[in-house]
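Scroll down for the structure; my scribbles are underneath it.
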Amino acid sequence: MTEILIIAAPDLIAERQLWLENLQHERRLSMLTVDAYERDTRQFLQFLTGHLGGPARIEDIHTLRPADLRAFLANRRREGDGARSLGRHMAGIRSLLRFLEKKGLVNAAGAGAVRAPKQPKSLPKPLLPEQALNVIQAGADLQDEPWIGARDAAVLALLYGCGLRISEALGLRPVDLPAEATMLTITGKGGKTRLVPLLPVVLESVRVYQLLCPFALAPGEPMFRGARGGPLQPAIIQRQMQRLRGALGLPETATPHALRHSFATHLLSGGGDLRTIQELLGHASLSTTQVYTGVDSVRLLEIYDRAHPRA
């Protein structure tokens, strides 16, 4: 990282370099993050040079006003930066100011008064129903060991058929699936429990795995095992989904968690109500579940046109 292109006073350049070294060696941030913060603060200092009419000094940083920071954000927005980039700009600037404040050089209160732009909510990217079914059906076909293929198919079936998080699926024990089970009791985030219907086809997939698994499955221990008998790790299922994406021509967004999104979206498409889907997913707030209404807005408009008396 070079400083020769930065238009700022030597005192500020020197302190900024110490900050960057602190990020890398003391806080051990990744080089990608350090490089992004270097670029963001370089753009900020270059902006201040024009904004203040001369190379920015530590004294100028000390007397920064919220209006100066908002002017910088407005400038970056005119340059085409979106909300995510603007938020990162502010994160880098705040980190630098906090570093300088700890050394008694500036007061960082002005930066705290400026809110980063609201980040847009990214909609879940579910699979099409036929794609989700193909994933489960093909889950067993890409493994040489039949029991491993059955294991992967069972996990994927639980993600799509029950809407489980991958950690929830891998945390299941044999005792959680008694004979002729029709419901699963799932302990999710924050220790919150919920009941989830267990489809017969999903239960059958799990039973096939249990039958083929070469390791003894104690009732109270994790049911899904790795190739050497230890608890199955999420990365194994994530790699399997990566292989399935290539084999089935699926997009990069086809991840294990996308199967949970697909579960919710397809229920909504079939007429499920948000409150029920909220309970099935284990969301603490309905607002979290409401993101799926953006995924299936066409379906909601159809319901509105059919049901609303003024439609």
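The values are calculated or read from the model by the stated rules, or taken from the named source; none is laboratory data. Given the structure is predicted, the values throughout are model-derived calculations rather than measurements. All Cβ positions, glycine included, derive from the backbone under ideal geometry; neighbour counts span all protein chains shown.
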Of the listed residues (L29, L18), the one being assigned by TED's automatic domain parsing to the domain that holds L105, outside any helix (DSSP H, G or I) and surrounded by fewer than 18 Cβ atoms within 10 Å (Cβ to Cβ) is L29
Within region 228-248, identify whether any single residue is in contact with a Phe, Trp or Tyr (Cβ under 7 Å, 6 or more places away or on another chain) and either in the same structural domain as W147 (by TED's automatic domain parsing) or surrounded by 13 or more Cβ atoms within 10 Å (Cβ to Cβ) (or both), and answer yes or no. yes
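Does A216 satisfy the criteria of being in the same structural domain as Q143 (by TED's automatic domain parsing), of a type outside the set (F, W, Y), free of Cβ contacts under 8 Å to residues at least 40 places away in the same chain and in a loop (DSSP other than H, G, I, E, B)?
On the way: in the same structural domain as Q143 (by TED's automatic domain parsing): yes; of a type outside the set (F, W, Y): yes; free of Cβ contacts under 8 Å to residues at least 40 places away in the same chain: yes; in a loop (DSSP other than H, G, I, E, B): yes.
Against the criterion (in the same structural domain as Q143 (by TED's automatic domain parsing), of a type outside the set (F, W, Y), free of Cβ contacts under 8 Å to residues at least 40 places away in the same chain and in a loop (DSSP other than H, G, I, E, B)), A216 qualifies.
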Restricted to region 167-183 and to residues being touching a Leu at 6+ places or on another chain (Cβ under 6 Å) and aliphatic (A, V, I, L, M), the residue surrounded by the most Cβ atoms within 10 Å (Cβ to Cβ) is A169
Considering region 258-278, residues that are charged (D, E, K, R) and either in a helix (DSSP H, G or I) or assigned by TED's automatic domain parsing to the domain that holds Q238 (or both), and then whichever is surrounded by the fewest Cβ atoms within 10 Å (Cβ to Cβ), we arrive at R275
